[in-house]
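Read the structure below first, then the notes.
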Amino acid sequence: MEIIDGEGLILGRLASEVAKQLLKEKDKEIAIVNAEHVVISGSKVGLFEEYKTRKNKGSKEQGPFFPTMPDRIVKRTIRGMLPYKRARGRDALSRVKVYQGIPDEYEGKASKKVESANAETRLSLGKYITLEEVSGKLGWAPKRR
């Protein structure tokens, strides 16, 4: 089981790296923690509009259904980079787990750094937003602990 801390990682780069690893190694399991701190690059206004459009597409009875929770947005993004309609892609998607915060079973365990997805060097201009902010605009309210 490989644990990836999503804090400060760019969503698309993280998802593509995870999808590649899942397809390459057939028995590898990956857990992504702190999904609400994953970063999306771009202007805030444009990103809010884009995600609002995706969520409002379709109807309540018929899809497509777009998630509002940060962990489900991350998993949906990973799904988009897998051949999820084939057995190989379904199997790969079943081996990834995404969590908000850090669950007790992963507390204190070493987490792997995904260098290519690191946002510190790429987003020095400040044009980015966290999934927590996007989800809040879509109507998701975080749990109070």
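The values are calculated or read from the model by the stated rules, or taken from the named source; none is laboratory data. Treat the numbers as computed from the prediction; the structure is a model and nothing was measured. Don't worry about glycine lacking a Cβ; one is built from the backbone with ideal geometry, like all the others, and counts go over all protein chains shown.
Quick check on the range 47-68. Is at least one of its residues modelled with pLDDT under 90, aliphatic (A, V, I, L, M) and under 17 Å from residue 129 (Cα atoms)? Yes, that holds for at least one residue. Give the number of residues within the range 23-66 that are within 25 Å of residue 86 (Cα to Cα) and touching an Asp or Glu at 6+ places or on another chain (Cβ under 9 Å). Going through the range 23-66 one residue at a time, the tally reaches 6.
Would you confirm whether any residue within the range 20-42 is surrounded by fewer than 21 Cβ atoms within 10 Å (Cβ to Cβ), over 11 Å from the mean Cα position of the chain (by Cα) and at pLDDT below 90? Yes: the range 20-42 contains one or more residues that are surrounded by fewer than 21 Cβ atoms within 10 Å (Cβ to Cβ), over 11 Å from the mean Cα position of the chain (by Cα) and at pLDDT below 90. Across the range 1-19, what is the total count of residues that are surrounded by fewer than 17 Cβ atoms within 10 Å (Cβ to Cβ) and hydrophobic (A, V, I, L, M, F, W, C)? Looking only at that region, the number is 1. Determine whether the range 86-106 contains at least one residue that is more than 12 Å from the chain's Cα centre (by Cα), of a type outside the set (Asp, Glu) and under 15 Å from residue 135 (Cβ atoms). Looking through the range 86-106, at least one residue is more than 12 Å from the chain's Cα centre (by Cα), of a type outside the set (Asp, Glu) and under 15 Å from residue 135 (Cβ atoms).
Here are 49, 61: which of them is free of Cβ contacts under 8 Å to residues at least 12 places away in the same chain, in a helix (DSSP H, G or I) and of a type in the set (Asp, Glu)?
On the way: 61 fails: in a helix (DSSP H, G or I).
From the options 49, 61, the qualifying one is 49.
Tallying residues that are over 18 Å from the mean Cα position of the chain (by Cα), within 12 Å of residue 137 (Cα to Cα) and surrounded by 12 or more Cβ atoms within 10 Å (Cβ to Cβ) within the range 43-63 yields 1.
Filter the range 35-46 down to the residues that are under 26 Å from residue 1 (Cα atoms) and either free of Cβ contacts under 8 Å to residues at least 12 places away in the same chain or touching a Pro at 6+ places or on another chain (Cβ under 9 Å) (or both) and list them by number.
Going residue by residue through the range 35-46, those that are under 26 Å from residue 1 (Cα atoms) are 35-40.
Matches in the range 35-46: 35, 36, 37, 38.
Of the residues making up the range 92-116, those that are touching a residue at least 60 places away in the same chain (Cβ under 8 Å) and either surrounded by fewer than 14 Cβ atoms within 10 Å (Cβ to Cβ) or among the basic types (Lys, Arg) (or both) are 95, 97, 103, 109, 110, 112, 113, 116.
Within the range 77-116, being aliphatic (A, V, I, L, M) and under 22 Å from residue 66 (Cβ atoms) holds for 78, 81, 82, 92, 93, 96, 98. Scan the range 13-26 and tell me whether some residue there is within 19 Å of residue 134 (Cβ to Cβ) and without any contact (Cβ under 8 Å) to a residue 40 or more places away in the chain. No, the conditions are met nowhere in the range 13-26.
Please find, within the range 56-78, the residue that is farthest from residue 127 (Cα to Cα) out of those that are of a type outside the set (A, V, I, L, M, F, W, C) and in contact with a Gly (Cβ under 8 Å, 6 or more places away or on another chain). Before you say what the answer is, go through the steps one by one.
So the first thing to find is which residues in the range 56-78 are of a type outside the set (A, V, I, L, M, F, W, C), and the list is 56-64, 67-68, 70-72, 75-77.
Keeping just the survivors that are in contact with a Gly (Cβ under 8 Å, 6 or more places away or on another chain) gives 64, 68, 77.
Numbers: 64: 29, 68: 21, 77: 20 Å.
Filtering the range 56-78 for residues that are of a type outside the set (A, V, I, L, M, F, W, C) and in contact with a Gly (Cβ under 8 Å, 6 or more places away or on another chain), the one farthest from residue 127 (Cα to Cα) comes out as 64.
Taking the criterion of being surrounded by 16 or more Cβ atoms within 10 Å (Cβ to Cβ) and either of a type outside the set (S, T, N, Q) or modelled with pLDDT under 70 (or both), the residues of the range 118-131 that qualify are 118, 119, 123, 128, 129, 131.
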